[in-house]
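Chemist: The structure that follows is given in the form of structure tokens.
The values are calculated or read from the model by the stated rules, or taken from the named source; none is laboratory data. This structure is a prediction, so every number in the text was calculated from the model and none was measured. Counting neighbours? That spans all protein chains shown, and the Cβs are built from the backbone with ideal geometry, glycine included. These area figures cover heavy atoms from the full protein model, side chains too; ligands, DNA and RNA do not enter into them. Shrake-Rupley method; radii C 1.70, N 1.55, O 1.52, S 1.80 Å.
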Amino acid sequence: MRRTDKPLRSPLVPEAVEAEIARHDWESIPCGCGRSAGHLQDVLWDAAEGHPAAFHALAGHVFTPARLQLPAPAACGVLMAVWAAGPPRETTREALLWTLLALLGTEDDGGSHEAGLYGQCAAFIRTALPALRREAATAPGSVTGAYAKGVVDILDLCA
């Protein structure tokens, strides 16, 4: 764990992503692993720097195959800030889109009068729908194109 009293800084992480990570009180959010979500800051920072494995490391903490965990909306906000900043490498885009698809592939926990974790995540992801449609259209037959198409198809079903 690299967490220190000093805030993290990296030329690879845009200020908007840094601000999104900093705006959440991670220590007060219970993580899917049973600890506080404070340890997710480092994972999300690594994801923001473009490390594909960091996106996959969110499994079990932010989501399981069936359910979203309490840090999901905050983590999703960070992921969408990373997307808006434009992931520089295809492997980073692929890992990010895989994560978005994993989040949207879980069970909807919302009711008729509240969004629940799923609805909150879907709302964050929906903000990037035009860019996700472009990604799906410009990369057909690729893994990133397939993941983007899956995200778009799920969001279209929810509309």
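Chemist: Could you tell me which numbered condition Ala48 fails, if it satisfies all but one of (1) out of contact with any His (no Cβ under 9 Å at 6 or more places or on another chain); (2) modelled with pLDDT under 95; (3) surrounded by fewer than 20 Cβ atoms within 10 Å (Cβ to Cβ)?
Modeler: The one condition Ala48 does not meet is (3).
Chemist: Within 15 Å of Leu117 (Cα to Cα) and in a loop (DSSP other than H, G, I, E, B) - does that describe any residue in the range 40-59?
Modeler: No; the residues of the range 40-59 include none that is within 15 Å of Leu117 (Cα to Cα) and in a loop (DSSP other than H, G, I, E, B).
Chemist: Collect the residues in the range 88-110 that are open to solvent by 40 Å² or more (accessible area, probe 1.4 Å) and more than 13 Å from Gly150 (Cβ to Cβ), keeping them in residue-number order.
Modeler: Residues satisfying the conditions are Pro88, Arg89, Glu90, Thr91, Arg93, Glu107, Asp108, Asp109.
Chemist: Testing Ala95 on (1) aliphatic (A, V, I, L, M); (2) within 25 Å of Glu18 (Cβ to Cβ); (3) modelled with pLDDT under 95, one condition comes back false. Which one is that?
Modeler: If we test Ala95 against (1) aliphatic (A, V, I, L, M); (2) within 25 Å of Glu18 (Cβ to Cβ); (3) modelled with pLDDT under 95, just (3) comes out false.
Chemist: Please go through the range 69-121 and pick out each residue that is in a loop (DSSP other than H, G, I, E, B) and either among the charged types (D, E, K, R) or farther than 25 Å from Val13 by Cβ (or both).
Modeler: Arg89, Gly105, Thr106, Glu107, Asp108, Asp109, Gly110, Gly111, Ser112, His113, Glu114, Ala115
Chemist: Of the numbered conditions (1) open to solvent by less than 40 Å² (accessible area, probe 1.4 Å); (2) free of Cβ contacts under 8 Å to residues at least 60 places away in the same chain; (3) not β-branched (Val, Ile, Thr), Phe124 fails exactly one; give the number of that condition.
Modeler: So the condition that Phe124 fails would be (1).
Chemist: Select from the range 19-39 the residues that are part of a helix (DSSP H, G or I) and open to solvent by 40 Å² or more (accessible area, probe 1.4 Å) and list them in ascending order.
Modeler: Kept after step one, since they are part of a helix (DSSP H, G or I), are these residues of the range 19-39: 19-22, 26-28, 37-39.
Result: Ala19, Ala22, Glu27, Ser28.
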